[in-house]
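Before any comments, here is the structure.
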Amino acid sequence: MEENKRSKEPPRKYPVMYERLIPLALGLIVILLLALLVIIFGVALGSWVHPT
Amino acid sequence: MFGSIIPLLSGITSFVFAFFVLKRYLERKGTYLLIWGIGSIFYGIGGLSEAYNGAIGWNPLVFRLWYLFGAILVAAWLGQGTIFLLAKRKWANTLMVILILASLYGAYKVFTAQLDPSLMTSGTQTGTELSGRAITSSGVRILTPFFNIYGTLTLVGGAAYSAFIFWRKRILLHRTIGNILIAVGATLPAFGGFFSRLQIPGALYIAELLGILFLFAGFIRATTPMRSESVPVAAATD
């Protein structure tokens, strides 16, 4: 019943600018997050930036 | 200026942010708000410690406070707030107990560590910023990545996940935008630390200031509905 109710709701849209920007921002965040994890792991595993 | 004014601004902004978060906690309850408030206070302690070091100079107690709250705990505690928001209560409580125990162990290690401030101006650091290199005892700095990996995954990942869910359903635009700002803000201090290692002066402190400004803006955006959020597709194409 809940499913029927939901299926009757029309699909919604954000204002045009946000429809374009939000997927880009989410993609960028995923890239930043992965880069950050690589950096943290890299620093944790040793000074690979400046080996001493 | 990099050494004192910018971290001072970070510290003040963090405490103002904490005030808003804790005020909301008192009004609405929600453990996630309490933990975010505590995490914001940690952020502020880190900023004020940096400002003290820049304006007045080396002080072992201030350094220990900076390393414990600013370098080790802040991201993990903010991330723990997100866990309370998104995860099942049982998991959130379990992780909270682990985080408290780990934080106490971290405090013990930091406050019993041997320090040598001359090491902060050597090697890979810029010399203008506080650095964990001043810690000469083993088993202290190795703790930091564990806390930061947990904090990054939970805070950035949680905010991005929330934004994605709202975006996919095209609901609550203000929360989608707010979570995106929070996710970006949470990554900035870590990138600042990385660029500081690459000997870019001021990178850490500027990134920390931008980070708390993004987090603050994200929180305000996420908690303030917008005038036009989303519309049915038919109406949007009219």
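Laboratory data are not the source of any read-out in this text; all were calculated from the coordinates shown. Note that this is a predicted model, so its numbers are computed, not measured. Here the Cβ is made from the backbone with ideal geometry for all residues, glycine too, and neighbour counts use every protein chain on show.
Some values worked out for this structure:
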read-out: Volume of the Cα convex hull of segment B:5-225, divided per residue and given in Å³; value: 109
read-out: Expected 222 nm ellipticity per residue - DSSP helices of 4 or more, -39500 (n - 2.57), all of chain B, to 500; value: -23000 deg cm²/dmol
read-out: Exposed-site-free run, longest, chain B (rule: trypsin sites (Lys or Arg not before Pro); DSSP loop; at most 13 other C-beta within 10 Å); value: B:89-226
read-out: 10 Å Cβ neighbours from other chains, averaged over peptide B:89-101; value: 0
read-out: Placed amide H near residue B:115: partners under 5 Å, 5+ positions off or other chain; value: B:136
read-out: Binned Cα-Cα distances of the protein assembly as shown, short to long, each 10 Å bin given as a whole percent; value: 7, 27, 33, 20, 9, 4, 1
read-out: Helix runs (DSSP H) in chain B reaching 24 Å along axis by Cα, Kyte-Doolittle at least -0.5; value: B:5-28, B:31-55, B:89-111, B:173-197, B:203-222
read-out: Residue list for segment B:167-184, given a label point 7 angstrom along the Cα-to-Cβ vector of residue B:20 and an amide N cut-off under 12 Å; value: B:178, B:182
read-out: Count of Lys pairs (Cα-Cα under 26 Å; at least 8 positions apart or interchain) in chain B; value: 5
read-out: Two-site label geometry, residue B:27 and residue B:114: point separation in nm, points 7 Å out along Cα→Cβ; value: 5.2
